[in-house]
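Only the coordinates and a few stated rules stand behind these numbers; no lab work does. All values derive from a computational prediction rather than experimental measurement. Reconstructed Cβ throughout: ideal geometry from the backbone, glycine too, with neighbour counts over all protein chains shown.
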Amino acid sequence: MAENKIGRQIPESVVNKRYGTFSGASIKEDTYQRASAEVAPVSPGSNKLLSSVREAIEKTGLKDGMTISFHHHFREGDAVINLVMEEIAKMGIKNLSIAPSSIANVHEPLIDHIKNGVVTHITSSGLRDNLGAAISRGLMNEPVIIRSHGGRARAIEAGDIHIDVAFIGAPSSDDYGNVNGSHGKATCGSLGYAQVDAKYADKVVVITDNLVPYPNTPISIPQTQVDYVVEIDSIGNPDGIAKGATRVTKNPKDLLIAQNANKVITHSPYFKNGFSFQTGTGGAALAVARFLRQDMLKKNIKASFALGGITQQMVEMLNEGLVEKIIDVQSFDKGSARSIKENEQHYEISADFYASAGTKGPAVNKLDIVILSALEIDTNFNVNVLTGSDGVIRGASGGHCDTAAASKMSIIVTPLIRGRIPSVVDKVNTVVTPGESVDVVVTEVGICINPLRKDLMDIFKNIPVPQFTIEELKEKAYAVVGTPDPIEYEDKVVAVVEYRDGSIIDVVQKVKE
Amino acid sequence: MDKLMIKKQAIAGTVESSDVQIIIDQNPNKGIEIELNSSVAKQFGRRIREVIEETLENLEIHDAKLVVEDKGALDCTIKARTIAVVHRAAETTKAIDWEAIEEWNV
């Protein structure tokens, strides 16, 4: 057992020798050699278009023990992962590592592939519902490695994840593998996560339900990176891939939190012409943009860019001229997918460009303000977005720790309690984002500034929102719901949480039944 | 207050979030038996049992079988549903002795 900088016990067996355990949020500026893909050149006259997924798998030479990847731009509408995994299972290939950028509820069939030995290793941003619960109960022998969006990109660049075959679901492609996500039957907008896979995987298979004449433009993933193209009937359910406009909450508690967060933003020194921001997609986080918009109009302040997972609301601000540009690694709804197609000020970026700590500077480094949600935050400001209050994996790391660390001001918005569950606690079940990267906590009863940010404590002295210490917020929560009993765990580690630099920030253990 | 007696099966509460549904029945000379299902069992299961047991003790109910479906109710809700279900099972829903309840319900 090794104790890392934030006091988490990390078993020696899961510590990555190259990166060690978490020792602080600052970037280690050691130079390294970027990984590269193996390339099989394609001669004039050869054909990349194959007749079936089966044929594509065979041509890639996929065999036992290899690593395959997928992107999660199709979210709950994705048909590609299940389809490819079913074919692989039928072929009798075993012992695979899968490295999707994330996993949705719809990927529950993975449980059977794990039980049957087809899948033995997983790295992902997160795990949902039944798969998360099954893994928390000890389904796998090897722990899942949880990586943030920036952390995954870094791990691929550094060669920690070497992708043998990337399967890329494509809303549109030509027969030579020029791909974009903004045209077709089932559009997802940005293909930012898939772009990294296409660049670093040895073999790249494009799977599309919208084969168009050569050359398909705009080009998000270029033909130079693609080995094979397969046309199928459907890559997924368009309504699951991109919901209609993401709705703003009507929950009065969330609105109050959003209003408080907006006061923090507008009273901060960052709120001036040319500022930049990112909001998460949780109820309150999303609602912040609505209040911010009003203040921007009133004070005639324009943002230089909005970053991140993009929703309809950002698009409206772009169209109104309140935001000059959008840089988009993932488009969350139909409005944002449409905008990336139609508006050249709405720009697609790859996951490494977005948040990798292993690049020559990701976009998050230029970010002023980020508004993030939390399942739990503790009195050391450590944030959990991965495990529920019952200790079971049900969330995702996302870009949480990347944006929190790199932005000038990170704001965590969370209700004080959810039902009987306190959100501000003594000790979070799992740390995804270290407290040193968290600047302001905003709840419905008031805000709390991290004492590490003495500058902000001075600046916010007279802000018209009640202020508390983090202990006071916790006491307020416990006064209503009582003090929760700590969750009991067994020794078995079911997931390892990597910080964005590859060091181990925490582990998730098997929950005692 | 007349002594409350569990005369029949009764139910109180709902399975809405933040509520608790309690079904109570007779359990002659077998003490208090609680079957608890809770969405927050790991964090608050112990406390939920404690609140129900204390409330039954205060109502002088020593034998009863309870099936409890908790959806994250707060202590005050659990107490209120327990008081209600006991009164319904005791067929004492018209003349409730509020003063006696207020003696221990702080």
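Stokes-Einstein, applied to the Kirkwood radius of chain B over Cα pairs at a viscosity of 1.002 mPa s and 20 °C, places its translational diffusion at 157 µm² s⁻¹. Shape index of region A:252-489: Rg/Rh, with Rg the Cα radius of gyration and Rh the Kirkwood radius from the inverse mean 1/r over Cα pairs, equals 0.96.
Using only the C-alpha atoms, the convex hull of the protein assembly as shown corresponds to 172 Å³ per residue.
Cα-based values for region A:285-357, radius of gyration first and Dmax second, are 12.0, 37 Å.
Angle of helix B:75-89 to the longest C-alpha principal axis of chain B, folded into 0 to 90 degrees and rounded to 10: 40°. Helix B:41-58 and the longest principal axis of the Cα set of chain B meet at an angle near 10°.
Built from the Cα atoms of region A:2-109, the convex hull projects on average onto 11.1 nm², one quarter of its surface area. Restriction of the GluC sites (Glu not before Pro) in region A:318-353 to DSSP coil positions whose beta-carbon has at most 12 other beta-carbons within 10 angstrom yields A:GLU320, A:GLU344. Each listed q (0.13 Å⁻¹) maps to a log10 I(q)/I(0) for region A:75-195 from the Debye sum over equal C-alpha point scatterers, namely -0.55. Out of every Cα-Cα pair that region A:402-513 contains, those further apart than 21 angstrom amount to 48 percent. If the Kirkwood radius is taken over C-alpha pairs of region A:183-307, then at 37 °C and 0.692 mPa s the Stokes-Einstein diffusion coefficient equals 183 µm²/s. Here's the list of lysines a cross-link from A:LYS512 could span, going by alpha-carbon distance under 28 Å and ignoring same-chain residues fewer than 8 apart: A:LYS5, A:LYS115, A:LYS427, A:LYS474, A:LYS492, B:LYS42, B:LYS65, B:LYS71.
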